[in-house]
Amino acid sequence: MQTKFNNLFWSAAILLVCNFISRVLGFVYKIILVRLIGTAGIGVTEMTGPVYSFALVAASMGIPLAAGRLLALEIGRHNHQNLRRIQRTAMILLLVLGSLTTVICFCFAPNLLARFGSAEGAVYLRYLCPAILLVTVCSGFRAYFQATKQIGIIGISQNFEQIVRVAAGSLLVYLALPYGLGAAVKAVALATVLGEACGLLFILRAYLGQRPHNPLPPTISRADTVLRLFAFGAPVTVQRLLMSAILMLQALLIPLALQKSGLSPAAATDAYGNFSGVALSLIHLPGIFTATLAMALLPSIAESDNNPTMLNSRINQSLHITAVIALPFMLLFYRFADELCSWLFHAPAAADSLRILASAAFFIYAQTALTSILQGMGKLKALFAGLIISGGVFLAAVWLLVPIFGITGAALAELLFAGTACTINYAFLRHFTALRLQVTNIIIKPLTAACFGVITARTAEILLPAALNLSSYTNFVIICATGSAAYLLLLVWLDGLPRVFRHYLRPLFIKKAKKS
């Protein structure tokens, strides 16, 4: 299994770059589609999103996550003879469930979307149905590469899939436009299916080149493997469905609560758009880093489940990396809320919500890492309990705060949700492990460096000569660059960089020093 992708740090870096490219491509693709098929066409595709997402969750039943954890556990125990059985069993289950879900979704698509009154939506979903099977099967192969810490392959496959989807979608939609909106929507669905098919072929080729093989007989039966996969996967499925329900209730309750505060339905919709479409989109931007960390973290946590010292070290490392990444973004969003909302979205009204979210966004970012840690430990009941409690707090806060404070109340409710979830998950970690939090590395050093960065950036802002007549964009770049440099320099001087960064970056500086 030793390949050039096996290095966890560089694989995570590859995945980070691929995720960034994929998000940029997705953003550009959305612009192209809006210009080609208009908001009516985008409305048709977006309308089927919840149904399609629900189908994907039902088709996988949490098996990819369960398979990844079981594979990582067996690797950690050096039981390599069990890998092939786990992988093959998981793939058979995913193939059966994916096929069944695809057929059901295809047959009942018109009925599922009848309540929305959109014939185009039903047609779009039917043409999109093959993607359900393709995504489900592909997730099984991705679980294998995640367990073997070859997450770079996952990132490249996703990138390849997105490139094909964007290129095919742009061309097919352009060619289908003369035949009407229905044909254009079908083209969008076909492009998605084509992209998923190419991504599956890419990852299948990588898997066939190194699929697990061991001459020793496996020590676990097929029946036991199936039971273990479903035992871990079913709670994950329930948890994801519950999270989807919370998000759907959010979209329903916030506009209703805004109307209760005195806004008209149109004004409430506009306010919710500023909050959800602008403020939350910006605050979740660092998710590209935290999601990569979570994917890299899961197999490492599963492997160290029986080693308390290693488990404690990896939990602290993950929270340290999260803090180092989160603090600069929090300060950026707080200081430049008006500019970012106006420049990027032409929505200055979202700035107040963004500032509130930025004031305690560490909870939002840390929640991704804590969830991944508990998943890696197999504590799904704890995650479910935490989601029930924090989700209840969130929905209650929305209903109580939004009528009083308007959309600001929604931002406060979001922070209560993240803060409650983080607190509960951290309490569970303390209960299940002998966790000793490294406060100096996780809080004191990053916060000190961040304060120094803010002071330096503010000084540069004051000292910039007015006579230069610099544009607001130039000022923004100079201030951010100065603050970021000061933050990183002091963090390095305080020895506050996460250990994984120091371990892999030190050789680069040593080589440069020798050359000079």
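The values are calculated or read from the model by the stated rules, or taken from the named source; none is laboratory data. These numbers come from a predicted model, not from an experiment. Counting neighbours? That spans all protein chains shown, and the Cβs are built from the backbone with ideal geometry, glycine included.
At a glance:
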item	result
Count of segment 85-99 residues which are over 12 Å from residue 221 (Cα atoms) and in contact (Cβ under 8 Å) with a residue 40 or more places away in the chain	6
Odd one out for residue 183, checked against (1) part of a helix (DSSP H, G or I); (2) under 26 Å from residue 69 (Cβ atoms)	(2)
Some residue of segment 345-353 being part of a helix (DSSP H, G or I) and without any contact (Cβ under 8 Å) to a residue 12 or more places away in the chain	yes
Filter pass, residue 199 being modelled with pLDDT of 75 or more, under 25 Å from residue 372 (Cβ atoms) and in a helix (DSSP H, G or I)	yes
Any hit, segment 151-158, residues being part of a helix (DSSP H, G or I), modelled with pLDDT of 75 or more and loosely packed, with under 15 Cβ neighbours inside 10 Å	no
Any helices (runs of 4 or more DSSP H) falling wholly within segment 1-113 and containing at least 1 residues that are at pLDDT 85 or above and of a type in the set (Val, Ile, Thr)	63-76, 83-112
Search result, residues across segment 403-447 that are of a type in the set (Val, Ile, Thr) and either in contact (Cβ under 8 Å) with a residue 60 or more places away in the chain or in contact with a helix residue (DSSP H, G or I) (Cβ under 7 Å, 6 or more places away or on another chain) (or both)	404, 407, 408, 420, 424, 433, 442, 443
Cβ pairs under 6 Å, 6+ apart, first in segment 136-163 and within 18 Å of residue 21 (Cβ to Cβ), second among the β-branched types (Val, Ile, Thr)	142/154; 152/14; 155/14; 157/203; 159/21
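For every residue, the table says whether it meets (1) polar (S, T, N, Q); (2) within 21 Å of residue 142 (Cβ to Cβ); (3) modelled with pLDDT of 75 or more; (4) not assigned by TED's automatic domain parsing to the domain that holds residue 169.
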{"site": "204", "(1), (2), (3), (4)": "no, yes, yes, no"}
{"site": "207", "(1), (2), (3), (4)": "no, yes, yes, no"}
{"site": "214", "(1), (2), (3), (4)": "yes, no, no, no"}
{"site": "240", "(1), (2), (3), (4)": "no, yes, yes, yes"}
{"site": "243", "(1), (2), (3), (4)": "no, yes, yes, yes"}
